[in-house]
Amino acid sequence: MRTFKSRVVPRAVARRRAAGAAGAAACTLAMTRRSEPRGTSASQSRRALAAAAASVLLAGGCGEGGTKPAAFGALTVAVTTTGVDLDVDGYTVRVDGRAPITVDRDGSTTVDEIGAGAHTVTVGGVASNCAADGGPTRTTTVRPDELLMVGFHVICAAREIAFTSERDGDTELYVVRADGTGLRRLTASPGRDMDPAWSPDGSKLAFSSNRGGDPTKDSDLDVYVMNAEGGGVTRLTSTAGADNYPAWSPDGTRIAFTTKRDGPFAVYVMNADGTNPVRIGSGTGPRWSPDGTRLVYRGSGDGGSDIFVVNADGTGSRALSSDPAFDVSPAWSPDGGSIAFVSNRDGTLQLYVIRADGTNVRRVRAADTEDGTPDWSPDGGRLAFSSYDRTAATFQYDVYVVAPDGSGLVRLTDSPAEDYSPAWRP
């Protein structure tokens with residue numbers, strides 16, 4: 001912890017001196033009032049003035065020692081951030097039980113007129129891949145008429161990406177950092193665990209699995225939730241038809257998913273605890289808009305499949321793409337302006353980006369590959385996706401990241417089995 005002390009800025013000192021002067025005036029008037037004869041207009045005026053002045057007293061009382069003004073200082077909290085994949089939206093700072101204050105990831109805030117004494121300062125809203133060096137809480141002491149500075153240094157590592165893998169002979173969930181390090185396995189069930197989707201705060205993963213039924217049948221897939229380390233598994237759905245492709249709403253209160261409980265593929269939305277499932281419409285692979293008001297999904301189109309958008313209550317469905325080819329696996333950008341998807345409109349399945357209003361379709365990169373299941377990084381600067389090289393001796397999907405303009409391609413996994421369905425951790 002870095003703690004610095006200096007004199008309070010002159011304006012704050014002036015305010016406190018003014019308060020002290022007002023208190024002294026009030027005490028003087030109050031004592032004068034006691035010695036004056038009653039019944040005179042002058043004494044009545046002075047008594048009224050004394051009462052008014054006394055109302056501005058901040059602390060203390062009158063007597064031989066004069067006034068006892070309250071003791072105040074000021075507190076500045078500064079935050080710096082280093083590392084990679086830095087926090088996107090800054091932090092919150094809370095002093096004792098006060099309301100949280102928003103600060104930039106390299107910013108500061110000052111709390112003036114804070115009572116002298118011990119105070120607790122906490123930095124919050126830190127992304128899952130970042131941590132405050134020395135912990136998120138400081139206890140410090142403010143002295144009268146002094147400015148105390150408390151510093152937090154937040155260090156960020158590469159973000160984690162969850163994905164589905166068959167590398168150990170079964171279909172399980174893994175995570176890897178966006179720099180290719182830190183590979184770890186999250187699940188180990190006899191069924192197939194797939195389609196990971198992070199909660200908005202990065203503390204939980206929703207996924208689909210047939211661990212509760214016949215592990216050889218996709219028709220037994222249901223939606224589950226577990227914590228970020230793979231424990232605390234809770235089953236959310238239990239139907240005769242497959243439930244899969246879960247997606248959390250931005251506020252974490254709802255989960256959209258695909259189901260065949262009614263026959264053909266349909267998009268449903270339920271509460272995050274699995275209650276109150278509501279049908280939205282026909283389609284598959286739903287993803288939420290950043291403001292939580294709409295869903296993008298794959299629906300039936302002109303001889304193949306197209307990208308559709310619908311309001312979160314199921315109204316206002318409309319097609320964004322219209323092509324005889326297959327447009328699948330849409331994913332909304334964090335700023336809400338673009339949607340990434342996969343299409344074979346140019347021959348093989350490739351990454352594309354379209355504006356959220358359906359204009360300006362463009363191919364992310366041109367390569368002799370088969371791409372699938374894109375997901376945007378929290379800052380919108382990269383896309384994670386699965387891909388395999390069609391010119392290679394053997395075909396297997398691995399996880400890659402690339403910028404939306406096609407630059408900076410990085411391969412994260414290299415397994416003889418399939419790695420797919422990547423999902424960035426917030």
Test: residue in the range 136-152 that is at positive phi, over 17 Å from the mean Cα position of the chain (by Cα) and modelled with pLDDT of 95 or more: no
Only one of Thr315, Thr413 that is touching a Leu at 6+ places or on another chain (Cβ under 9 Å), in a loop (DSSP other than H, G, I, E, B) and either at pLDDT 95 or above or surrounded by 15 or more Cβ atoms within 10 Å (Cβ to Cβ) (or both): Thr413
Filtered residues of the range 295-312 (kept if under 29 Å from Asp89 (Cβ atoms) and in a loop (DSSP other than H, G, I, E, B)): Ala312
Some residue of the range 105-113 being of a type in the set (D, E, K, R), in the same structural domain as Asp222 (by TED's automatic domain parsing) and not in a loop (DSSP other than H, G, I, E, B): no
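For (1) surrounded by fewer than 22 Cβ atoms within 10 Å (Cβ to Cβ); (2) within 15 Å of Ile339 (Cα to Cα); (3) not assigned by TED's automatic domain parsing to the domain that holds Gly285, each residue gets a yes or a no:
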position: Glu370; (1), (2), (3): yes, no, no
position: Asp375; (1), (2), (3): no, yes, no
position: Gly381; (1), (2), (3): yes, yes, no
position: Ala392; (1), (2), (3): yes, no, no
position: Leu409; (1), (2), (3): yes, no, no
position: Glu418; (1), (2), (3): yes, no, no
Residues of the range 81-98 satisfying the condition of being out of contact with any His (no Cβ under 7 Å at 6 or more places or on another chain) and free of Cβ contacts under 8 Å to residues at least 60 places away in the same chain: Asp89, Gly90, Thr92, Val93, Arg94, Gly97, Arg98
Among the candidates Ala162, Ala228, residue that is within 24 Å of the chain's Cα centre (by Cα), closer than 30 Å to Val121 by Cβ and either touching a residue at least 12 places away in the same chain (Cβ under 8 Å) or in the same structural domain as Tyr400 (by TED's automatic domain parsing) (or both): Ala228
Condition check for Ser305: surrounded by 15 or more Cβ atoms within 10 Å (Cβ to Cβ), within 28 Å of the chain's Cα centre (by Cα) and hydroxyl-bearing (Ser, Thr, Tyr): no
Test for Asp179: is it out of contact with any Gly (no Cβ under 7 Å at 6 or more places or on another chain), acidic (Asp, Glu) and within 30 Å of Ala78 (Cα to Cα): yes
Number of the exception - Asp170 against (1) without any contact (Cβ under 8 Å) to a residue 24 or more places away in the chain; (2) more than 22 Å from Ala228 (Cβ to Cβ): (2)
Flag for Ser329 being surrounded by 16 or more Cβ atoms within 10 Å (Cβ to Cβ), in contact with a strand residue (DSSP E or B) (Cβ under 9 Å, 6 or more places away or on another chain) and part of a loop (DSSP other than H, G, I, E, B): no
Residues (outside any strand (DSSP E or B) and surrounded by 20 or more Cβ atoms within 10 Å (Cβ to Cβ)) located in the range 250-294: Phe265, Gly283
Only one of Gly292, Gly337, Gly274 that is at pLDDT 95 or above, touching a strand residue (DSSP E or B) at 6+ places or on another chain (Cβ under 7 Å) and assigned by TED's automatic domain parsing to the domain that holds Tyr397: Gly337
Sole exception among (1) among the hydroxyl-bearing types (Ser, Thr, Tyr); (2) without any contact (Cβ under 8 Å) to a residue 40 or more places away in the chain; (3) in a strand (DSSP E or B) for Thr181, by number: (3)
The one condition in (1) in a strand (DSSP E or B); (2) within 18 Å of the chain's Cα centre (by Cα) that Asp85 fails to fulfil: (1)
Counted residues, the range 213-249 - those being assigned to a loop (DSSP other than H, G, I, E, B), surrounded by fewer than 18 Cβ atoms within 10 Å (Cβ to Cβ) and in contact with a Phe, Trp or Tyr (Cβ under 8 Å, 6 or more places away or on another chain): 1
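The values are calculated or read from the model by the stated rules, or taken from the named source; none is laboratory data. This one's a predicted model, so the numbers in the text were calculated from it and none came from an experiment. In this analysis, Cβ positions are derived from the backbone assuming ideal geometry, glycine residues included, and neighbour counts consider all displayed protein chains.
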